[in-house]
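The values are calculated or read from the model by the stated rules, or taken from the named source; none is laboratory data. Note that this is a predicted model, so its numbers are computed, not measured. Every residue, glycine among them, receives a Cβ derived from its backbone with ideal geometry; neighbour counts consider all protein chains shown. Calculation scope for accessible area: heavy atoms of the full protein, side chains included, ligands and nucleic acids excluded. Shrake-Rupley method; radii C 1.70, N 1.55, O 1.52, S 1.80 Å.
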Amino acid sequence: MAGQWLPFVVTLPFAAILLAAGIWAERRYRDFAELPGHYGLDGKVTRMGSRRTITLAIPILFALFLVVFSLTPLLVPQENQTGDALSGLLFAGAVMVLSYAFVLWLTERWVRARR
């Protein structure tokens with residue numbers, strides 16, 4: 001039973017990084033009512049979104065998904081579990097952190113072009 005909590009414990013740093021990045025972004029971009037919400041393949045902004053959505057909703061949802069996914073070994077009966085949930089959660093956590101970092105990088109480029 002103790003090993004089933006390991007995926008949850010491992011995903012907590014990813015969730016903390018996402019939430020900290022969201023709080024940082026909210027403070028950093030507080031002067032803007034809207035931030036880029038979508039980019040084209042050429043890197044140009046195609047749609048704007050509210051600052052709160054970009055800075056807080058995305059990392060909160062990513063962190064929530066990670067926590068819920070990490071709790072599935074506790075919810076699914078042992079006989080129905082196959083494979084190792086830990087490696088998948090490590091990969092998912094890394095992808096979510098890196099994808100939000102990419103969004104923040106694109107947003108920072110956009111902000112610097114405006115100042």
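Descriptive notes on the structure:
- Considering only Cα atoms, the convex hull volume of the chain works out to 105 Å³ per residue.
- Mean residue ellipticity (222 nm) of the chain, computed from DSSP H runs ≥ 4 via -39,500 (n - 2.57), nearest 500: -21500 deg cm²/dmol
- Loop-located trypsin sites (Lys or Arg not before Pro) in segment 21-72 (DSSP state not H, G, I, E or B) with no more than 13 neighbouring Cβ atoms inside 10 Å: R30, K44.
- With 0.36 nm allotted per residue and the present C-alpha distance subtracted, the L64-R27 stretch has 11.2 nm of extension available.
- Shape summary of segment 1-62, radius of gyration then Dmax from alpha carbon positions: 15.5, 49 Å.
- Net +/- balance of residues flanking R52 in space, Cβ distance below 13 Å, scoring K and R +1, D and E -1: +1
- Size of charge dipole - the chain - debye, nearest 20, with Cβ of Lys, Arg +1 and Asp, Glu -1, no other charges: 780
- Spin-label pair W5-S87: with each label point 7 Å from Cα along the Cα-Cβ axis, the two points sit 2.6 nm from one another.
- As a fraction of the 1.4 Å probe accessible area of the chain, surface on carbon and sulfur atoms comes out at 68 percent.
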